[in-house]
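Student: Pasting a structure below so you can have a look.
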Amino acid sequence: MSIRKPLLAGNWKMYKNTGEAVELVEGLKKNLGGVTDREILVCTPFTALYAVGRALKGSNIKLGAQNLFWEPKGAYTGEIAPGMLVDTGCSYAIIGHSERRQYFGENDGSVNKKMKAAFSAGLTPIVCVGETLQEREQNVTFKVIERQVNTGIEGLDEEQAKKLVIAYEPVWAIGTGKTATPQQAEEVHAYIRKLYLKLYGNAASDAVRILYGGSVKPDNTSELMKEPNIDGGLVGGASLEVDSFTKIVKYKV
Ligand code: PEP
């Protein structure tokens, strides 16, 4: 079991219009109002952020975005600046999700710029790393993770390094119903923490939270959360319904 405060984060991807989004968080507020020993976060589509931010005011559920651009303002048609996200009530932003790496050309370099821009605006980044199926089968998982951490996550100051959240999401487990076993996940989480220790030292590697993502469901959360280096979950599909996300947040170990 983790010694850090667990973070259960929903990644809604490109689902839910404004009305549906507010309805979902109203249900979560009702079910999760008393939860104080774990942090709860919903990362909605950009278009729902403002409305959901208003609905969550004064609650124990935090708001996050799924992406951002690294410039603070300018002629960047179609992009969203970190400060604009803060303006809607966001305190977190997911950076470098594998779907962004796969379909939108993001790489460790852009991830690094976005991570730093998020911190500059006062957001806490959740930086995603993880190997593809092919990479796992070629036995290069640790090499891929090492590159993603050392290139994507370098250059933080000590306070930022303590605050950062990393999500380990094996690409083969995202949206596939195939979860990494708790042992498979723990092995990589422990490795990420070791890399982090080399980059930022003891205090930061003790503080950084490393979430697991990849088909997290109500019936596998407890087993995953028993592992000492798994500090929470980044949940896609199962965060889209009140009932399943409630059960995930209320996991018991
Ligand atoms: C995700 O969106 O990051 C994710 C892990 O999705 P799912 O839980 O649906 O696999």
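The values are calculated or read from the model by the stated rules, or taken from the named source; none is laboratory data. Fair warning: this is a prediction, and the values are worked out from it, not measured in the lab. Quick reminder, even Gly has a Cβ in these numbers, built from the backbone with ideal geometry, and neighbours come from all protein chains shown.
Student: Restricting attention to the stretch 204-222, which residues are within 15 Å of the ligand (Cβ to nearest atom) and either buried (at least 23 other Cβ atoms within 10 Å of the Cβ) or not in a loop (DSSP other than H, G, I, E, B) (or both)? Even if it seems obvious, please write down each step before you answer.
Tutor: If we filter the stretch 204-222 for residues that are within 15 Å of the ligand (Cβ to nearest atom), which is where we start, we get 210-221.
Listed by number, the residues that qualify are I210, L211, Y212, G213, G214, V216, T221.
Student: Does any residue of the stretch 156-178 turn out to be within 25 Å of A93 (Cβ to Cβ) and of a type in the set (F, W, Y)?
Tutor: Scanning the stretch 156-178, I find at least one residue that is within 25 Å of A93 (Cβ to Cβ) and of a type in the set (F, W, Y), so the answer is yes.
Student: May I pose another question? Residues being more than 15 Å from the ligand (Cβ to nearest atom), part of a helix (DSSP H, G or I) and either crowded, with 19+ Cβ neighbours inside 10 Å or in contact (Cβ under 8 Å) with a residue 40 or more places away in the chain (or both): count how many of those fall in the stretch 226-243.
Tutor: First, the residues of the stretch 226-243 that are more than 15 Å from the ligand (Cβ to nearest atom): 226-229, 231, 242-243.
Narrowing the set further to residues that are part of a helix (DSSP H, G or I) leaves 242-243.
From what's left, either crowded, with 19+ Cβ neighbours inside 10 Å or in contact (Cβ under 8 Å) with a residue 40 or more places away in the chain (or both): 242.
Count: 1.
Student: Looking only at the stretch 215-225, how many residues end up being among the acidic types (D, E) and touching a residue at least 40 places away in the same chain (Cβ under 8 Å)?
Tutor: Step one: filter the stretch 215-225 for residues among the acidic types (D, E), giving 219, 223.
After this cut, where a residue has to be touching a residue at least 40 places away in the same chain (Cβ under 8 Å) as well, the list is 223.
Qualifying residue count, the stretch 215-225: 1.
Student: Among residues belonging to the stretch 244-253 that are over 11 Å from R38 (Cβ atoms) and among the basic types (K, R), point out the one that is surrounded by the most Cβ atoms within 10 Å (Cβ to Cβ).
Tutor: Checked the stretch 244-253; the qualifying residue surrounded by the most Cβ atoms within 10 Å (Cβ to Cβ) is K247.
Student: Is it true that some residue in the stretch 160-172 is hydrophobic (A, V, I, L, M, F, W, C), more than 16 Å from the ligand (Cβ to nearest atom) and in a helix (DSSP H, G or I)? Spell out the reasoning first.
Tutor: Initial filter on the stretch 160-172 (hydrophobic (A, V, I, L, M, F, W, C)): 161, 164-167, 171-172.
Next cut, more than 16 Å from the ligand (Cβ to nearest atom) only: 161, 164.
Narrowing the set further to residues that are in a helix (DSSP H, G or I) leaves 161.
Yes: the stretch 160-172 contains one or more residues that are hydrophobic (A, V, I, L, M, F, W, C), more than 16 Å from the ligand (Cβ to nearest atom) and in a helix (DSSP H, G or I).
Student: In addition: Does Y251 satisfy being away from the ligand (no atom under 16 Å from the Cβ) and aromatic (F, W, Y)?
Tutor: On the way: away from the ligand (no atom under 16 Å from the Cβ): no; aromatic (F, W, Y): yes.
The answer is no for Y251.
Student: Let me ask something additional. I'd like to check something: does the stretch 125-141 contain any residue that is in contact (Cβ under 8 Å) with a residue 40 or more places away in the chain, assigned to a loop (DSSP other than H, G, I, E, B) and over 15 Å from N11 (Cβ atoms)?
Tutor: The answer is yes; a qualifying residue exists.
Student: Which residues, counting only those in the stretch 1-46, are in contact (Cβ under 8 Å) with a residue 60 or more places away in the chain, buried (at least 17 other Cβ atoms within 10 Å of the Cβ) and part of a helix (DSSP H, G or I)?
Tutor: The answer is L24, L28, L32.
Student: I need every pair where a residue in the stretch 175-191 that is on the phi < 0 side of the Ramachandran plot has its Cβ under 7 Å from the Cβ of a residue that is of a type in the set (F, W, Y) and away from the ligand (no atom under 14 Å from the Cβ), sequence separation at least 6 or different chains.
Tutor: Hits for this filter: Y191/F142.
Student: Residues being under 16 Å from L164 (Cα atoms), in a helix (DSSP H, G or I) and not aliphatic (A, V, I, L, M): count how many of those fall in the stretch 109-124. Spell out the reasoning first.
Tutor: Residues of the stretch 109-124 that are under 16 Å from L164 (Cα atoms), as a first pass: 111-124.
Those still in the list that are in a helix (DSSP H, G or I) too: 111-121.
Restricting the remaining residues to those that are not aliphatic (A, V, I, L, M) gives 112-114, 116, 119-120.
Of the residues in the stretch 109-124, 6 are under 16 Å from L164 (Cα atoms), in a helix (DSSP H, G or I) and not aliphatic (A, V, I, L, M).
Student: A follow-up question, please. Quick check on A55: is it more than 16 Å from the ligand (Cβ to nearest atom), surrounded by fewer than 18 Cβ atoms within 10 Å (Cβ to Cβ) and of a type in the set (A, V, I, L, M)?
Tutor: On the way: more than 16 Å from the ligand (Cβ to nearest atom): yes; surrounded by fewer than 18 Cβ atoms within 10 Å (Cβ to Cβ): no; of a type in the set (A, V, I, L, M): yes.
Answer is no for this residue.
Student: Hey, any hits in the stretch 189-202 for a residue that's modelled with pLDDT of 95 or more, touching a Phe, Trp or Tyr at 6+ places or on another chain (Cβ under 7 Å) and within 14 Å of the ligand (Cβ to nearest atom)?
Tutor: Filtering the stretch 189-202 down to residues modelled with pLDDT of 95 or more leaves 189-202.
Applying the additional criterion that residues be touching a Phe, Trp or Tyr at 6+ places or on another chain (Cβ under 7 Å) yields 189, 191-192.
Next, only the ones that are within 14 Å of the ligand (Cβ to nearest atom) stay: none.
No, there is no match, as no residue in the stretch 189-202 is modelled with pLDDT of 95 or more, touching a Phe, Trp or Tyr at 6+ places or on another chain (Cβ under 7 Å) and within 14 Å of the ligand (Cβ to nearest atom).
Student: Could I ask something else about it? Do the conditions hold for L197, that is, is it surrounded by 19 or more Cβ atoms within 10 Å (Cβ to Cβ), more than 21 Å from C43 (Cα to Cα) and without any contact (Cβ under 8 Å) to a residue 60 or more places away in the chain? Outline the logic, then answer.
Tutor: On the way: surrounded by 19 or more Cβ atoms within 10 Å (Cβ to Cβ): no; more than 21 Å from C43 (Cα to Cα): yes; without any contact (Cβ under 8 Å) to a residue 60 or more places away in the chain: yes.
The answer is no for L197.
Student: I would also like to ask the following. Among residues belonging to the stretch 106-129 that are farther than 17 Å from I80 by Cα and away from the ligand (no atom under 16 Å from the Cβ), point out the one that is surrounded by the most Cβ atoms within 10 Å (Cβ to Cβ).
Tutor: The qualifying residue surrounded by the most Cβ atoms within 10 Å (Cβ to Cβ) is D108.
Student: Give the residues of the stretch 74-105 that are surrounded by fewer than 19 Cβ atoms within 10 Å (Cβ to Cβ) and on the phi > 0 side of the Ramachandran plot, sorted by residue number.
Tutor: G74, G78, G89, G105
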